[in-house]
Amino acid sequence: MASASSTPLAEKHSPIAIIGAGIFGLSSAIHLAQRGFTNVTVFDRQPYWETQYDFDAGCDAASADCNKIIRAAYGHEVWYQNLTLEAIEQWEAWNEDLARGQDLPPGMTSKDRIYVSCGNYHLGDEPGLNPFETLSVQNLTKAGKGHTQYILTEPGEVERAKKDGYGYAVDPFRLSKDGKYSGYLDTIGGFVYADKACRYSLHKAHRLGVKFVLDKTAGQFEGFHEEDGKVVGVKTKDGKLHPTALTIVACGGWTPTLLPEMDGLCETTAGSIAMIQIPADSPLRERFSPENFPVWQYKVRAGADGNLYGFPLDERGVMKLGYRGTKYTNPQRDAQGKERSVPITRWTTPSIQNQLPQKSVEVIRKFLDSYLPELREHGINITSTRLCWYTDSFDNHFVIDSVPSKPGVVVATGGSGHAFKFLPVIGRFVADRVEGREECDIMRFWRWRKLAPGQKPYNELMKGSNSPTALQNVQMSEERDLLLGDMSYRSRL
């Protein structure tokens, strides 16, 4: 395991290159600039100034999305819980900055909001709390947030929630019979508009003096330039060499391919996303609005038949659902014969447009038919689907550290599907690494590391092309499988 650095990795005036303009890269740029680093450049092949992180405009990074969950419920992992509470303070501050209308990002107005505090509703097939939820409530209570937690199987808690103004989130799926409610409500958090959050961060970093090269040739990383065993520059697709004192690799799902040294530590995996467009004249627009419907999680950490989550409608009237109960890979063999999972998106491979693995469709369809039957009754179906590529570490913790075998390189990745909520604060820890500051407790989880003998991984990585969850071995859905209420679908499973 790497030890904490005691000397700075770069001087304040030294050239620092950040590869990737997703949440790790943007946050790193902001915090470095705020600490006085004056020569920071972010490279990315996506022209985000033009696309504005719109996932329908050709963006394929996980950060370029319509929304992401903000939750403080983290079971026994109180370090993430407390960091979430800190991040929420910054999300609220960003909302306040927008409301004041000063120095607005292009295309945004003082009426825009990045963070929406609509709460998180947890449910499962059983009425009680699962172990993760039980620990979440206990630890949030210890943190002085017990008043924000409502155990809805207890009548007194239901009445308290209604009295406190959360009646809309007590029974969002209208499952109550004879006044018997289920699930638990965590009123901390909700969601952020991911594209707006990234646009705001891009603008903020630029105003702080960070330089950006966002272009499919000039911004696309092609390789490292090394001298005397140290990385001293990066090469881009346009043939240019950019000298660096330090390179920070923050490329999300593309990081393990650029840094093969991460084999066994991180792997690129795909979650499944389904989108449902609610017509403008539908009464369900009001029913599923953020004012009347919370973010929800179904059977959290329950394996392949659970780990489903969803949102209220976004500003376009679209409801998003996500499934991470099964994590898929796309193993490809490199020139040396080594298999690594590589993102495959609708932009790189148009043939997968509106296709998901059958297991994903099965779980999503079953949930919608069981818990939101009014969609079927109103003739509303899944509009589109896509794979969303993350970088999982074997223990589900981030990786923010120097790369031991690559002097001059720091990596910031391993979001494992839960990093976006920390966009306002995660760059602080990258800046700490760069400055060689004393390591705080949470950073010990994020060191460069290996799976210890006998250690059971949270995520099993590098199973290769023989894995049953490798896309090469997975049956993909057909367009008709997306139709709600198509009873012939279940007979085909």
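Out of everything in the stretch 1-50 that is more than 30 Å from Gly264 (Cβ to Cβ) and among the basic types (Lys, Arg), what residue ends up being least open to solvent (accessible area, probe 1.4 Å)? My answer is Arg35. So for the stretch 276-284 (the condition being charged (D, E, K, R) and surrounded by 16 or more Cβ atoms within 10 Å (Cβ to Cβ)), does at least one residue qualify? Taking every residue of the stretch 276-284 in turn, none turns out to be charged (D, E, K, R) and surrounded by 16 or more Cβ atoms within 10 Å (Cβ to Cβ). Selection over the stretch 345-363 of residues that are among the hydrophobic types (A, V, I, L, M, F, W, C), open to solvent by less than 30 Å² (accessible area, probe 1.4 Å) and part of a loop (DSSP other than H, G, I, E, B) gives a count of 1.
Within the set Lys327, Lys366, the sole residue that is of a type outside the set (Asp, Glu) and either farther than 27 Å from Gln472 by Cα or without any contact (Cβ under 8 Å) to a residue 60 or more places away in the chain (or both) turns out to be Lys366. Collect the residues in the stretch 426-453 that are touching a residue at least 60 places away in the same chain (Cβ under 8 Å), assigned to a loop (DSSP other than H, G, I, E, B), within 22 Å of Glu11 (Cα to Cα) and hydrophobic (A, V, I, L, M, F, W, C), keeping them in residue-number order. Hit for the stretch 426-453 is Ile426, nothing else.
Listed here are the strands (runs of 3 or more DSSP E) enclosed by the stretch 376-421 that have at least 2 residues being within 30 Å of Ile278 (Cβ to Cβ): 384-393.
Let's see how each residue does on (1) under 18 Å from Phe429 (Cα atoms); (2) out of contact with any strand residue (DSSP E or B) (no Cβ under 9 Å at 6 or more places or on another chain); (3) part of a loop (DSSP other than H, G, I, E, B); (4) modelled with pLDDT of 95 or more:
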site	(1), (2), (3), (4)
Ala17	yes, no, no, yes
Phe24	yes, no, no, yes
Ser28	yes, no, no, yes
Gly36	yes, yes, yes, yes
Glu89	yes, yes, no, yes
Tyr121	no, no, no, yes
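For the subset of the stretch 174-203 comprising residues that are part of a helix (DSSP H, G or I) and among the basic types (Lys, Arg), which member is nearest to Leu214 (Cα to Cα)? Checking each candidate, the answer is Arg199. From the list Gly271, Gly264, Gly252, Gly239, the one residue that fits, being small (Gly, Ala, Ser) and farther than 25 Å from Gln332 by Cβ, is Gly239.
Take Arg160 and decide whether it is farther than 30 Å from Cys198 by Cα, basic (Lys, Arg) and open to solvent by 50 Å² or more (accessible area, probe 1.4 Å). When the stated conditions are applied, Arg160 passes them. Hey, any hits in the stretch 46-67 for a residue that's part of a loop (DSSP other than H, G, I, E, B), farther than 30 Å from Lys111 by Cα and not small (Gly, Ala, Ser)? No.
The values are calculated or read from the model by the stated rules, or taken from the named source; none is laboratory data. Remember, predicted model here, so these are calculated numbers, not experimental data. So basically every Cβ, Gly included, is an ideal-geometry build from the backbone, and we count neighbours across all protein chains shown. Calculation scope for accessible area: heavy atoms of the full protein, side chains included, ligands and nucleic acids excluded. Shrake-Rupley method; radii C 1.70, N 1.55, O 1.52, S 1.80 Å.
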